[in-house]
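Okay, so here's the structure we're looking at.
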Amino acid sequence: MASTTTTAVNLEQVTYFLVTGASRGIGAKLAIETARKFKAGSVVVLLARSASGLESTRSAILEVNPHVTVVTSSVDLATASKQLLDEILNKSLLGRTPHEQFGLAYVIHNVGTIGNVERKAVELDDRSEWEEYFATNVFNVAVLNSCFLGKFGTVPQKLVVNITSKACIAPFASMAFYCAGKAAREMYFRVLAEEEAAAGVKVLNYSPGPVDTEMTVDIQARSSAPGIREYFKNLRDTTTILTTEQTTAKFLHILENGLFKSGEHVDYYDH
């Protein structure tokens, strides 16, 4: 495991922080608890489709840290163009020059959808459905990441976090979309870590474990695989399903103590 001097991240500094899927669930909790640590002058940018959910997250952040600027943008990452994403980044800077203002540029790619879990892999024969799924979960994640690093490449410290899943390394019945998307997405970030190490970019692929969110409620209700439905039902019945608070606390512990090697897959249960 990497030493603390290699990948440990100091969050108590002036930071530019972008979180996707920040309107609810893990994304909202990660945004709130991370932003709590930033110094005055930091900028927090929240992206998601739900404007009301983003406003709720924004209010919660300002309650725990009134000294940061919080910018929200309601955007559909399935269809957002590179131009729109660049525009969002530019507007959020409020005319400031990144390398003069921020010690850390930090993005969490949390956006994610489960896809169609009512059909088996062999039944997923609609190309447009595949394209829409990958546009949200892979293609525009990569495009946004390029925009972000292009804009903040001169900032002294750069941190890229991909919220991944055990599903990127293990197959789960009824979850072909999710497993395939997570696998493609994590490999993109692993390549990024390999290529950008010399540029000082740290990459963490964090797998948050099974968490009590709307997504896992949806899987439990709609999955075509009885075993998957029973798995999530059992986690809830025995209250062993993780909370967003638990997985966020573990994530911050891993990050601040450098308990990861850049690019590697780190699961909640690894520590």
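What to note about this one:
- Nearest 10 degrees, 0 to 90: helix 25-35 Cα axis against the chain principal axis: 20 degrees
- The alpha carbon centroids of segment 74-100 and segment 222-238 are separated by 39 Å.
- Between Asn137, Asn145, Asn110, the Gaussian network model of the chain with springs among Cα atoms under 10 angstrom shows the greatest mean-square fluctuation at Asn145.
- Acute angle (nearest 10 degrees) that the helix 226-237 long axis makes with the longest principal axis of the chain, alpha-carbon atoms: 60 degrees
- In this label model, Glu214 and Arg96 are separated by 3.1 nm, measuring between points 7 Å along each Cα→Cβ vector.
- When only alpha carbons of the chain are considered, Rg and Dmax amount to 18.0, 55 Å.
- Candidate residues His253, His265: accessible-area rank, largest first, probe 1.4 Å: His253, His265
- Order by protection proxy (mean Cβ within 10 Å, highest first), peptides 190-198, 34-42: 34-42, 190-198
- Projected label distance in nm at Glu118 and Val14, using a 7 Å step from Cα toward the beta-carbon: 5.2 nm
- Taking the 1.4 Å solvent-accessible surface of segment 133-230 as the whole, the part contributed by carbon and sulfur is 60%.
- Seen against the Cα atoms of the chain and their longest principal axis, helix 244-256 is set at about 50 degrees.
- Helix-only [θ]222 nm of the chain, DSSP H runs n ≥ 4, -39500 (n - 2.57) each, per residue, nearest 500: -13500 deg cm²/dmol
- Computed from point charges on the beta carbon alone (+1 for Lys and Arg, -1 for Asp and Glu), the dipole magnitude for segment 44-137 about its Cα centre is near 360 Debye.
- Positive-end residue of Met187, Ala176, Leu159, charge dipole of segment 153-201 with Cβ unit charges: Ala176
- A simple spin-label model places pseudo-atoms 7 Å from Cα toward Cβ; at Lys82 and Glu131 they are separated by 1.9 nm.
- Rounded, prolate or oblate (a/c below 1.5 giving rounded, otherwise prolate when a/b exceeds b/c) for segment 85-153 by Cα gyration tensor: prolate
- Cα point-scatterer Debye curve for segment 1-100, base-10 log of I(q)/I(0) at q = 0.17, 0.18 Å⁻¹: -0.78, -0.86
- Taking a point 7 Å from the Cα of His253 along the Cα-to-Cβ direction, none of the residues of segment 23-55 has its backbone N closer than 12 Å to it.
- Nearest-20 debye value, segment 81-198 charge dipole, Cβ charges on Lys, Arg, Asp, Glu: 340 debye
- For the chain: accessible area per residue (Å², 1.4 Å): 44 Å²
- Counting only lysines at least 8 places from Lys39 when in the same chain, those with an alpha carbon closer than 28 Å to its own are Lys29, Lys91, Lys151, Lys158, Lys202, Lys250, Lys261.
- Kirkwood Rh (inverse of mean 1/r, distinct Cα pairs), segment 118-198, angstrom: 14.1 Å
The values are calculated or read from the model by the stated rules, or taken from the named source; none is laboratory data. None of these values were measured; they are calculated from a predicted model. All Cβ positions, glycine included, derive from the backbone under ideal geometry; neighbour counts span all protein chains shown. Protein only, heavy atoms only, side chains kept; ligands, DNA and RNA dropped before computing areas. Shrake-Rupley method; radii C 1.70, N 1.55, O 1.52, S 1.80 Å.
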